[in-house]
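Notes for the one structure printed next.
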Amino acid sequence: MYRMGQEEVDEVAKVLLSKQLFRVGDPQKGHLREVERFEREWSGKIGTKYSLLMSGGGTAAIVCGLAGMGIGPGDEVIVPAYTWLATATSVLTVGAIPVLAEIDETLGLDPDDFEKKISPQTRAVIPVHMCGRPANLGKIIKIAKKHKLKVLEDSCQMVGGSYKGRRTGSWGDAGAFSFNFFKIISSGGEGGALVTNDRKIFERAFIYHDSGSAFRPMAGELAEPIFVAQQYRADEVMGAIARIQAQRLDGIIADLRRVRKQLESKLSKAGKFKIAPSNDPDGDCGVCIVLQFENEHKCRDFAGKIPHTGKYIGIDHSKHVYTQWEALRSRRIMHHPDMNPFLFEKNRGLRMNYDDDACPRSLEILKRSLFIPLDPDMTDEKIKSFAATLKRGEGK
Ligand SMILES: Cc1ncc(COP(=O)(O)O)c(C=O)c1O
């Protein structure tokens, strides 16, 4: 989260004073319909028919998206080797099995490896737009269509960015966003949203996120039968914060892009690294720049010379690399063994390799990629001195 201020405070105060905090309420009695308003405005911004705000964050949005698509036991879902672990664990939550595929130098899912990993059991793919950088949606969606797979975009780290002029999240059959504290905007520390143009996915996701009760006004409009599921409903405070944050979003991204462009142009003549290629530099959110080196040694050497930049090397990016998903790798899933999808009869014979050798190329790329987070409020003067700091890595 980059910016938050008096507007959020004012809107939250109005909600609290209305004493109508549940997402459903009577406007005649002072209910402000913040969640509903956010969802309408978010659909408009992203360019989809439907949107659902979730108290359970981007994780809940992915789970609901998969549930909406009808994914379950017996199904494989392809996920990239580099992503926050929730992308993969959400697949397990709906009873299916995540299959790892390599990333390429853009740090998104490698379309060629994705296609190689498709089996007769594959039902869906989750391209992830890591660090505000769009995955290669053009190729990925073409392959998915050819093999009749569903596409669920994990846009949790790419909130408001675009690919080829259209916002991410709106390209696939559904898209998931995170509004947790570490993301571009936040709905109050946690939260997320699911978007889709598909009525069936929307209805099933709606039912899943509403403890199966499909709350009052919607219940009569649903064509899908109600089933029992989870409780990820957003409350009105969350809706109010998310709504104001969404209004700030385009300004934040414009500033991040400005900073990234200026920094990249100042660094472009540096000899020791190249700037990681992007599937769409104009759509990229600009939350970081990524420098790529010939090998890990050169990357670590450079990183060691540039203090105080918030930098990290991809392979050290904690639970974002499959080799660090300990619980998943140890097959410890859910609270009871009979609910562990790795042990389901229907999943027998599906591919379950999460060992170090599963995606060696991704590990090799991440070892020599240095991520430098950016700040949208950097002045031109600060950008200049930041570039000079980064050049210290070159010994300049
Ligand atoms: C790529 C990715 N997917 C999913 C999530 C899950 O989002 P949340 O923490 O809001 O549940 C995150 C959050 O860090 C993420 O970065």
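Kindly check whether there is at least one residue in the range 26-41 that is more than 17 Å from the chain's Cα centre (by Cα), assigned to a loop (DSSP other than H, G, I, E, B), at pLDDT below 95 and away from the ligand (no atom under 16 Å from the Cβ). Among the residues of the range 26-41, at least one is more than 17 Å from the chain's Cα centre (by Cα), assigned to a loop (DSSP other than H, G, I, E, B), at pLDDT below 95 and away from the ligand (no atom under 16 Å from the Cβ), which makes the answer yes.
Candidates are the residues of the range 126-148 that are touching a helix residue (DSSP H, G or I) at 6+ places or on another chain (Cβ under 8 Å) and of a type in the set (A, V, I, L, M); the one that is farthest from LEU109 (Cα to Cα) is ILE143.
Within the range 51-93, the residues that satisfy the criterion of being β-branched (Val, Ile, Thr), over 16 Å from SER155 (Cβ atoms) and buried (at least 24 other Cβ atoms within 10 Å of the Cβ) are VAL77, ILE78, VAL91.
If you check PRO225, PRO217 for being away from the ligand (no atom under 16 Å from the Cβ) and over 17 Å from LEU52 (Cβ atoms), only one passes: PRO225.
Looking only at the range 268-280, residues that are at pLDDT below 95 and within 14 Å of HIS129 (Cβ to Cβ) come to 0 in all.
Filter the range 159-177 down to the residues that are among the polar types (S, T, N, Q) and closer than 19 Å to LEU107 by Cα, then identify the one that is nearest to the ligand (Cβ to nearest atom). Before the answer, list the steps.
Let us first name the residues in the range 159-177 that are among the polar types (S, T, N, Q), namely 162, 168, 170.
In the following step, the residues that additionally are closer than 19 Å to LEU107 by Cα were identified as 162, 168.
Working: SER162: 17, THR168: 12 Å.
Among residues in the range 159-177 that are among the polar types (S, T, N, Q) and closer than 19 Å to LEU107 by Cα, the one nearest to the ligand (Cβ to nearest atom) is THR168.
Residues of the range 166-191 that are surrounded by 23 or more Cβ atoms within 10 Å (Cβ to Cβ), out of contact with any helix residue (DSSP H, G or I) (no Cβ under 6 Å at 6 or more places or on another chain) and within 20 Å of GLY70 (Cβ to Cβ): GLY172, GLY175. Tell me which residues, restricted to the range 1-25, are within 30 Å of ASP377 (Cα to Cα) and either in contact (Cβ under 8 Å) with a residue 40 or more places away in the chain or part of a loop (DSSP other than H, G, I, E, B) (or both). MET1, TYR2, ARG3, MET4, GLY5, GLU7, GLU8, GLU11, VAL12, LYS14, VAL15 - these are the residues of the range 1-25 that are within 30 Å of ASP377 (Cα to Cα) and either in contact (Cβ under 8 Å) with a residue 40 or more places away in the chain or part of a loop (DSSP other than H, G, I, E, B) (or both).
For LEU249, indicate whether it is in contact with a Leu (Cβ under 8 Å, 6 or more places away or on another chain), part of a helix (DSSP H, G or I), closer than 30 Å to ILE306 by Cβ and more than 14 Å from the ligand (Cβ to nearest atom). Step through it out loud before you land on a result.
Values: in contact with a Leu (Cβ under 8 Å, 6 or more places away or on another chain): no; part of a helix (DSSP H, G or I): yes; closer than 30 Å to ILE306 by Cβ: yes; more than 14 Å from the ligand (Cβ to nearest atom): yes.
Against the criterion (in contact with a Leu (Cβ under 8 Å, 6 or more places away or on another chain), part of a helix (DSSP H, G or I), closer than 30 Å to ILE306 by Cβ and more than 14 Å from the ligand (Cβ to nearest atom)), LEU249 does not qualify.
So in the range 192-223, with the set limited to residues that are among the acidic types (Asp, Glu) and closer than 26 Å to ASP26 by Cβ, which one is surrounded by the fewest Cβ atoms within 10 Å (Cβ to Cβ)? If you could, list the steps in order and put the result at the bottom.
Restricting attention to the range 192-223, the residues satisfying the condition of being among the acidic types (Asp, Glu) are 198, 203, 210, 221.
Now narrow it down to the ones that are closer than 26 Å to ASP26 by Cβ: 203, 210, 221.
Working: GLU203: 21, ASP210: 22, GLU221: 9.
Once the filter is applied, the top-ranked residue is GLU221.
Among residues that are farther than 12 Å from GLY172 by Cα and without any contact (Cβ under 8 Å) to a residue 60 or more places away in the chain, ARG123 is included.
Quick check, is ASN353 touching a strand residue (DSSP E or B) at 6+ places or on another chain (Cβ under 9 Å) and either without any contact (Cβ under 8 Å) to a residue 60 or more places away in the chain or surrounded by fewer than 13 Cβ atoms within 10 Å (Cβ to Cβ) (or both)? Spell out how you get there, then give the answer.
Numbers: touching a strand residue (DSSP E or B) at 6+ places or on another chain (Cβ under 9 Å): yes; either without any contact (Cβ under 8 Å) to a residue 60 or more places away in the chain or surrounded by fewer than 13 Cβ atoms within 10 Å (Cβ to Cβ) (or both): yes.
The answer is yes for ASN353.
At least 2 residues being under 19 Å from GLN157 (Cβ atoms) is the threshold, and among the helices (runs of 4 or more DSSP H) wholly inside the range 272-369 those reaching it are 360-367.
Consider the range 224-246 and keep the residues that are in a loop (DSSP other than H, G, I, E, B) and touching a residue at least 60 places away in the same chain (Cβ under 8 Å). The one that is surrounded by the most Cβ atoms within 10 Å (Cβ to Cβ) is ALA234. Take the conditions free of Cβ contacts under 8 Å to residues at least 60 places away in the same chain, assigned to a loop (DSSP other than H, G, I, E, B) and closer than 29 Å to ARG368 by Cα and apply them to LYS269. Does it pass? Against the criterion (free of Cβ contacts under 8 Å to residues at least 60 places away in the same chain, assigned to a loop (DSSP other than H, G, I, E, B) and closer than 29 Å to ARG368 by Cα), LYS269 qualifies.
The values are calculated or read from the model by the stated rules, or taken from the named source; none is laboratory data. Owing to the predicted nature of the structure, the values given are computational and were not obtained by experimental measurement. Positions of Cβ are generated from backbone atoms using ideal geometry, with glycine treated the same way; all protein chains shown enter the neighbour counts.
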